[in-house]
Amino acid sequence: MRKKYTNSGSNDTRSGFGEGLVEAGRRNPNVVALCADLIGSLKMDAFIKEFPDRFFQTGIAEANMIGISAGLTIGGKIPFAGTFAGFATGRVYDQIRQSVAYSGKNVKICASHAGLTLGEDGATHQILEDIGLMKMLPGMVVINPCDFNQTKAATIAIADYEGPVYLRFGRPKVPNFTPADQVFEIGKALMLNDGSDVSIFATGHLVWHAIEAGEILAEKGISAEIINIHTIKPLDNEAILNSVAKTKCAVSAEEHQMNGGLGDSIAQLLALKMPLPMEMVAVNDSFGESGTPEQLMEKYGLTTKAIVDAALKAIGRK
C-alpha cells in the first residue's frame, strides 16, 4: 500500500532555515551568523534578537563575508554565512574554493532564493548552476532539503558536522509534509514510497511533485518508488543502486540545470555500476527569466506532469 503524504500547511524553506539557525545557536554557543545585507530575506531576525553579539552584518560584500567566516573558524566558531544562492556561489566562488574548501574550513554557506522559484527577480538573481559549482569542490557537502521541517532539521544538523557545507533553500511557500520531529542524517536518502516499476529520485521543491507523480502513476497501475535525495553530496549510492536494481529504470527531478545537478550524479553512478534507462526532469541548458514561480516551473518543465511523462518514457526504454 502506498503511503499518503499530507500537506500540513505550506511554508517557505527559508523560514525553516531561520528557525533552525536559532535552535542551532541555542544548542551550541560557537554558532555565529553572518549576512550580506539580506537579513529579512534569510529570516535571520530571530537569531539576531536572541544572540545580537553573535551576528555580523557584512553588507553587500559577499567575498568579505566568506573570508571573515573562514577566519572565524580558526577561533573555533561555526559560521553560518547567508545570502541569495546566486551571490553565495557564483559571485564568491574563488573565496569559497580557496578559503573554505581547499582549507577545509568549518563554514556553512546558507543559500536562499535558489532555482527558478525566485520568480519575478529574473535570470540575474536566479541560479540554476549552484549545485554543480558546489558539488565539484572537494570535501564540500551539498544539501537541498524539500520543505520547512526538513530545512529546519538540516540547519540544526550541519552545526554538528565538521567541515564545509552548502545548504540550499528557497523563497516560495511549498507543501510541508515531513515530520516536525525528524532527525536529519547527512548523506542518507529517504524512502518515501516503495515501488517496483520505476525509481524517482527527487530533491528540493521537486520532492512534493514526485509524490504527486507517484499517485498519478499508481492510478495507471504503475508502482513508482519515490526517494528524497536531500543530500546531493555525499550521494547515497547504496540507496540509489538498491532501488534501480529492483525497478530497472530511473528518473531524477530537480530545480537546477540538467548539467551538473542531481541527475548528473545519478547518471554517473549508474554508468559506472548499473547501466539502465534514465530520464531527467531539470532545466535544459537555459537561463531563467522573470515570472511567477508557478509560471516558470511550468514553462521550464519542472512539474508533476513532467515527472509522470519521464517515468513513462523510462519504463518504455526497459
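The values are calculated or read from the model by the stated rules, or taken from the named source; none is laboratory data. What you see is a predicted model; the values in this text were computed from it and never measured. Ideal geometry is used to build each Cβ from the backbone, glycine not excepted, and the neighbour counts take in all protein chains shown.
Here are the numbers:
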quantity: Any hit, segment 205-218, residues being over 17 Å from Asp147 (Cβ atoms) and either crowded, with 18+ Cβ neighbours inside 10 Å or β-branched (Val, Ile, Thr) (or both); calculated: yes
quantity: Residue under evaluation Gly119, criteria (1) loosely packed, with under 15 Cβ neighbours inside 10 Å; (2) on the phi > 0 side of the Ramachandran plot; (3) in contact (Cβ under 8 Å) with a residue 60 or more places away in the chain, criterion not met; calculated: (1)
quantity: Ile74 being surrounded by fewer than 22 Cβ atoms within 10 Å (Cβ to Cβ), within 18 Å of Leu21 (Cα to Cα) and hydrophobic (A, V, I, L, M, F, W, C); calculated: no
quantity: Gln98 under 13 Å from the mean Cα position of the chain (by Cα) and assigned by TED's automatic domain parsing to the domain that holds Leu42; calculated: no
